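Structure first, then comments.
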Amino acid sequence: MDQSIYYHTFQVSSKDCTKHKTIKLPNLLDHMQEAAWSNAIALGFSTIDLMENNITWVMNRMRTEIHRLPNHREEIRVETWPAAMDKYFTKRDFRVWGDHEELLVEATSNWLVMDISTRKLIAIPEYIKEAKFVVDRNNVYPISGKINYDSNLTTQSRNIKVSWFDIDINDHVNNIKYYQWILDSLSGDYLENHRLKKIDITFKHEGKYGDEFESKSYLDEAENCWFHTLDHKQSGVSHIVAKSWFE
């Protein structure tokens, strides 16, 4: 099997599910992240491998389209592969398959390389580009356009403080936490009665232990979607912007 392609299989457990017996989005994304991690290890370019050269991967953006969330005890297969690369970005795609080879989720993500000492982004090193591990697997359509949040339109918000348990191996907030935090700004009643269909998120700055954020959202009726931002309370800088679509 081509090491550029990785398959991660799992059965949806009860702890991963809502009362509706479907997996919670952050829990599904956790399995997708593990699939990407295992694929990077197989290729020899995991976060651990890069850390030996004082650099690491950071996700810049991810768009996820949900056809159906997996059900409790459903056997799931996550497929992931490196889909493109240029001077600064690598593109990693995902497909999630359910019973009877039903396509449940498609996602694409953009990744950058960060210098660990300076915490600044750098061009992708030549030795990574020379590995030529990019493949075409009927790749997911790439992300385009920018997300712009209008703070004057905020209707819902929630305060968040980063705990020690939110920090990952890169010594910053794990990406999956941000999904929960931006969606948590919506009411429980809304989340209970609407189904998430798509989410597009841009990661602009790192979150560190002890940081305080305000998660803010508003509904854009013209686009029929929610706009989200996660603002650093001390500086006012937006660390995350996102759009989400529900039905």
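Any chance the range 145-168 includes a residue that's outside any helix (DSSP H, G or I), more than 17 Å from Ala242 (Cα to Cα), charged (D, E, K, R) and free of Cβ contacts under 8 Å to residues at least 60 places away in the same chain?
Within the range 145-168, one or more residues are outside any helix (DSSP H, G or I), more than 17 Å from Ala242 (Cα to Cα), charged (D, E, K, R) and free of Cβ contacts under 8 Å to residues at least 60 places away in the same chain.
Report, by residue number, each residue of the range 159-179 that is under 19 Å from Val237 (Cα atoms) and either crowded, with 16+ Cβ neighbours inside 10 Å or at pLDDT below 95 (or both).
If the condition is that a residue be under 19 Å from Val237 (Cα atoms) and either crowded, with 16+ Cβ neighbours inside 10 Å or at pLDDT below 95 (or both), then Ile160, Val162, His172, Val173, Asn174, Asn175, Lys177, Tyr178, Tyr179 are the ones that fit.
I'd like to know if the range 115-126 contains one or more residues that are open to solvent by 70 Å² or more (accessible area, probe 1.4 Å), within 23 Å of the chain's Cα centre (by Cα) and more than 24 Å from Asp93 (Cβ to Cβ). Spell out how you get there, then give the answer.
To start, the set of residues in the range 115-126 that are open to solvent by 70 Å² or more (accessible area, probe 1.4 Å) comprises 117-121, 126.
Subsequent filtering for residues that are within 23 Å of the chain's Cα centre (by Cα) retains 119-121.
With the extra rule that they be more than 24 Å from Asp93 (Cβ to Cβ), the set shrinks to 119-120.
Yes, the conditions are met somewhere in the range 115-126.
It is to be established whether one or more residues within the range 183-196 are basic (Lys, Arg), touching a strand residue (DSSP E or B) at 6+ places or on another chain (Cβ under 8 Å) and either open to solvent by less than 70 Å² (accessible area, probe 1.4 Å) or over 20 Å from His239 (Cβ atoms) (or both).
Taking every residue of the range 183-196 in turn, at least one turns out to be basic (Lys, Arg), touching a strand residue (DSSP E or B) at 6+ places or on another chain (Cβ under 8 Å) and either open to solvent by less than 70 Å² (accessible area, probe 1.4 Å) or over 20 Å from His239 (Cβ atoms) (or both).
If you take the residues of the range 197-213 that are more than 14 Å from the chain's Cα centre (by Cα) and part of a strand (DSSP E or B), which of them is surrounded by the most Cβ atoms within 10 Å (Cβ to Cβ)?
Taking the candidates together, the pick is Phe213.
The values are calculated or read from the model by the stated rules, or taken from the named source; none is laboratory data. Everything numeric in this text was worked out from a predicted model, so none of it was measured. So basically every Cβ, Gly included, is an ideal-geometry build from the backbone, and we count neighbours across all protein chains shown. Quick note on the areas: whole protein, heavy atoms, side chains included, nothing else; ligands and nucleic acids left out. Shrake-Rupley method; radii C 1.70, N 1.55, O 1.52, S 1.80 Å.
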